[in-house]
Each structure stands twice: as structure tokens, then as C-alpha cells.
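Since the structure comes first, as C-alpha cells, the remarks are kept for the end.
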Amino acid sequence: MLRQLSRTHILISFAFLLLFLGAVYIYSGHDISSFRVCPPCEDNPKPEVTYVSQDVVINDCPVTDSWRIRDLKMQTGLKYAQPSTQKGRTDVNSVTNWNAPLVWEGTFDPVVIDAIYKKMDPRVAVVVFAVGKYTRFLKGFLESGEKYFLVDFRVTYYIFTDHKEEVPKIELGKGRKISVVSIPSATRWQDVVLGRMKWATITIDEQIRNESDYLFMMDIDSVFHNRFGAESLSQLSAVLHRGYYKDSRSRFPYERRPESKAYIPVDEGDYYYTAAVWGGYLEEMYKLVKYCYIQSEEDAKNNIEAAWQEESHLNKYLLYNKPTKVLSPEYLWSDYDRVPEDIKVVRISQLVKNYAEVRPNGGH
Ligand code: UD2
């Protein structure tokens with residue numbers, strides 16, 4: 001009887017042990033995935049910056065990363081103009097005060113830079129949203145992207161839309177794809193704009209992570225006009241907003257209310273970056289997109305919406321986590337504005353649109 005009892009005891013204890021181990025396994029799996037990023041928050045306002053100079057990555061990445069720029073390797077026999085130590089752009093600054101490149105036409109040789117990145121043959125994801133009437137912009141964006149955006153590189157356009165039947169059939173180059181992601185409609189344009197952070201976070205987790213090495217977030221209401229090439233690639237690349245690149249920091253439209261998570265004091269700031277074009281290594285972008293999502297959710301809980309939605313959160317992040325490349329406003333101009341002398345090439349331009357007509361809840 002005693003022997004019988006202890007055997008039953010052992011069996012029951014074993015079953016409990018198995019259950020316990022199973023629970024620990026599931027919990028730790030969950031734990032790992034939810035802590036893959038550590039979004040900066042008020043407890044951690046200045047997260048560690050992995051310092052990268054001129055695109056040479058110092059940290060190690062546990063995932064397969066042969067596409068990362070470690071050595072600036074180039075094939076033998078490539079023909080290009082000799083670089084000069086004396087001549088270059090003198091009308092603009094081409095380096096930031098943290099020694100990252102500030103990219104303008106004339107600061108790189110397209111032949112050299114494409115050859116270097118082509119050696120890695122990275123897969124590039126472009127995430128765009130076309131919700132409601134914004135599907136009308138897809139054709140122009142995609143057709144011009146095929147002509148000018150990272151030509152000869154592997155590119156997948158991830159189109160997030162509530163009208164998948166309106167995604168046009170476009171002739172795509174070799175190695176280029178379209179992947180349609182269905183999302184619900186929205187009644188406020190602000191919800192579409194901020195919802196981008198949520199849907200992109202979820203979809204990177206579920207799908208894009210396995211298919212891409214670099215990721216760009218872009219507005220759809222724009223058209224490429226000139227080369228947008230490998231000079232735009234880095235760990236984290238941000239574009240100077242055309243409207244503020246000559247202004248003093250006190251004029252930047254940062255979020256100035258301390259109640260918002262996007263708050264930046266009036267005497268701080270490097271540049272004002274646009275949220276219409278930003279890109280980088282997939283995991284860096286994931287971290288940043290998720291940060292914007294979490295911070296805007298926190299704001300919503302406190303009944304506040306940052307002045308320029310995700311753009312405000314993006315600017316806060318980039319102030320304390322410096323981008324490894326800053327792209328000049330050539331990388332997003334606007335048909336609303338005259339092109340000044342220092343913009344030698346407009347690579348992509350925002351279209352003029354009737355905000356009241358195209359947005360679900362009217363204008364600005
Ligand atoms: C500016 C920024 C934009 C974002 C926004 C926040 C520029 C060029 N763009 O854009 O990146 O920070 O301000 O207020 O500075 N969309 C839809 N359906 C909608 C509404 C928006 O699909 O009903 C998507 C679409 O991809 C669009 C993007 O969201 O390109 C940004 O919306 P917008 O173009 O209406 O905002 P805009 O021009 O004020």
C-alpha cells in the first residue's frame with residue numbers, strides 16, 4: 001500500500017514538474033520575444049547608443065547578417081572617377097557633429113556606393129500605407145519607384161491597405177515584389193497615421209523580419225524623380241524635413257508640452273526630421289517603429305496626441321539615438337515648394353493634394 005502510494009505520488013509529482021517546466025518554457029519564450037527591444041521610456045530616457053561611424057558596424061548581431069556593412073569591400077576592376085581630397089560640396093555641411101555622413105548630391109559616387117552595397121545584396125522592405133482614398137497614389141509611387149528606387153537591388157513593397165482590390169498591377173524589375181497587407185479602414189486620418197506604427201510593428205514581427213534586412217517607412221503620396229540609391233542605406237537613416245533645415249532649433253515643430261512622451265525642451269535638438277521617409281537595419285527600424293507605437297499609446301492613455309503624431313516621437317528618439325546617416329531634403333522634397341539652389345537633385349517629392357477631399361475627416 002505504502003509502495004503503491006509513493007508510486008502514485010511520484011507520478012503526480014512528475015506530472016506537476018512537467019507542467020511547471022512547460023509553463024516556464026512558454027513564459028520565457030514570451031518573455032524573450034516581448035523584450036527583444038527595450039523601448040526608451042521615462043525610466044530610461046537616454047538609451048544606450050550603439051556608436052557607428054561611416055556605416056562600419058561595431059556591435060555583433062546574433063542573426064545572420066552577411067548583408068551588414070562591416071568592410072567597405074568593392075570588386076576589382078571597377079571604373080570610376082578618382083575621389084578628391086580638395087574638391088567637394090562647400091555650400092552645405094556634409095557631416096554631422098557626431099561624425100555621421102550628411103548626404104547630398106556630390107558627396108558620393110553612385111557607382112562606388114552601389115557596388116559596395118550590391119556585394120551584400122540586401123533585401124529591402126518598403127512599408128507604405130494606402131488607406132481610404134490614398135490608394136490613388138499607389139500607381140505613381142510604385143511605377144516611379146521601379147525607375148529610381150534602389151534599382152537592381154532586391155525590394156519588396158509592403159502595401160498596407162483597406163482596399164486590396166485597388167492595388168494596381170505594376171511591372172516589377174527582377175528581384176522585386178509587392179506584398180499586400182489588409183488592415184481595417186479608419187475614420188480619422190490621425191488614426192491612420194499613428195496606426196502605421198502599430199500595424200508595422202505587428203507585421204514586422206509576423207512576416208517582414210524573415211524576409212528583409214533593411215526597412216524603409218514611406219508616405220505614399222509621393223513620386224520618385226531621380227536616383228534614390230545605396231547611399232541612403234545605413235543602420236539608421238533619417239531625412240531632414242525640407243521646411244526646417246535652415247532654421248534654428250527653437251523653431252522646430254517638436255512637441256513642446258511636457259505632458260507628452262514626445263516632449264523636447266526648447267533649447268535642445270539637432271535637426272527636424274520628416275516621418276515621410278526613414279529607414280535602416282530591420283531590427284533598428286523595428287525598435288524605432290515600436291517605440292513610436294508605445295509612446296503614442298502612452299500619450300493616448302493620458303489624453304494627449306503629439307503635435308505631429310509619430311513624427312514627434314520619431315524626432316524625440318533621434319535626438320537621443322543619433323542616426324548613422326542624415327539624408328538631405330533631396331530625399332523628400334515637396335511639389336508645394338520652390339526648389340532652392342542647394343537642392344541639386346529632387347529624388348522624391350510629396351504631391352500636392354486636397355487634404356479636405358482625400359482624408360476621411362477633412363483637412364489639417
Ligand atoms: C505629414 C508627414 C507624415 C506624417 C504626418 C503626421 C510629410 C511629407 N509627411 O504628412 O509622414 O508625419 O504629417 O501628421 O511631412 N494615409 C492614408 N490614408 C489616410 C491618411 C493617411 O493611407 O486617410 C497614409 C498615407 O500613406 C500618407 C501618410 O499616411 O502618405 C501620411 O498622411 P498625410 O499624407 O495625410 O499626412 P501629411 O501630408 O500631413
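Going through region 213-241 one residue at a time, which ones are within 16 Å of the ligand (Cβ to nearest atom), assigned to a loop (DSSP other than H, G, I, E, B) and either within 21 Å of residue 288 (Cβ to Cβ) or open to solvent by less than 10 Å² (accessible area, probe 1.4 Å) (or both)?
219, 220, 221, 241
May I ask you to verify whether residue 248 is over 18 Å from the mean Cα position of the chain (by Cα) and open to solvent by less than 10 Å² (accessible area, probe 1.4 Å)?
For residue 248, the condition - over 18 Å from the mean Cα position of the chain (by Cα) and open to solvent by less than 10 Å² (accessible area, probe 1.4 Å) - is not met.
Please go through region 255-282 and pick out each residue that is of a type in the set (Phe, Trp, Tyr), within 16 Å of the ligand (Cβ to nearest atom) and crowded, with 24+ Cβ neighbours inside 10 Å.
273, 278, listed by residue number.
I need the full set of residues from region 117-138 which are under 16 Å from residue 71 (Cβ atoms), open to solvent by less than 20 Å² (accessible area, probe 1.4 Å) and assigned to a helix (DSSP H, G or I), in order please.
Once the filter is applied, which keeps residues that are under 16 Å from residue 71 (Cβ atoms), open to solvent by less than 20 Å² (accessible area, probe 1.4 Å) and assigned to a helix (DSSP H, G or I), region 117-138 yields only 117.
Could you please give the count of residues in region 330-361 that are of a type in the set (S, T, N, Q), within 9 Å of the ligand (Cβ to nearest atom) and surrounded by 16 or more Cβ atoms within 10 Å (Cβ to Cβ)?
2
Can we say residue 357 is in a helix (DSSP H, G or I) and touching a helix residue (DSSP H, G or I) at 6+ places or on another chain (Cβ under 6 Å)?
Against the criterion (in a helix (DSSP H, G or I) and touching a helix residue (DSSP H, G or I) at 6+ places or on another chain (Cβ under 6 Å)), residue 357 does not qualify.
Those residues that are away from the ligand (no atom under 16 Å from the Cβ) and on the phi > 0 side of the Ramachandran plot, I need them from region 295-309; list them, please.
Within region 295-309, 303 is the sole residue that qualifies.
Determine if region 192-208 includes at least one residue that is within 23 Å of residue 330 (Cα to Cα) and not β-branched (Val, Ile, Thr).
No, that holds for no residue.
Out of 164, 198, which single residue is farther than 21 Å from residue 314 by Cα and either crowded, with 17+ Cβ neighbours inside 10 Å or more than 12 Å from the ligand (Cβ to nearest atom) (or both)?
Selected residue: 164, the only one of 164, 198 that is farther than 21 Å from residue 314 by Cα and either crowded, with 17+ Cβ neighbours inside 10 Å or more than 12 Å from the ligand (Cβ to nearest atom) (or both).
So, of the residues in region 139-161 that are open to solvent by 10 Å² or more (accessible area, probe 1.4 Å) and in contact with a helix residue (DSSP H, G or I) (Cβ under 9 Å, 6 or more places away or on another chain), which turns out to be nearest to the ligand (Cβ to nearest atom)?
My answer is 156.
Name the pairs whose Cβ atoms lie under 8 Å apart, with the first residue in region 100-120 and touching a residue at least 60 places away in the same chain (Cβ under 8 Å), the second among the β-branched types (Val, Ile, Thr) and open to solvent by 40 Å² or more (accessible area, probe 1.4 Å), and 6 or more positions between them or separate chains?
Matching pairs, first to second residue: 101/95; 101/107; 102/95.
The values are calculated or read from the model by the stated rules, or taken from the named source; none is laboratory data. Computed from a prediction, not measured in an experiment: that's the story for all the values here. No Cβ is skipped: glycine too gets one built from the backbone with ideal geometry, and neighbour counts run over all protein chains shown. What goes into the accessible areas is simple: the full protein's heavy atoms, side chains included, and nothing from ligands, DNA or RNA. Shrake-Rupley method; radii C 1.70, N 1.55, O 1.52, S 1.80 Å.
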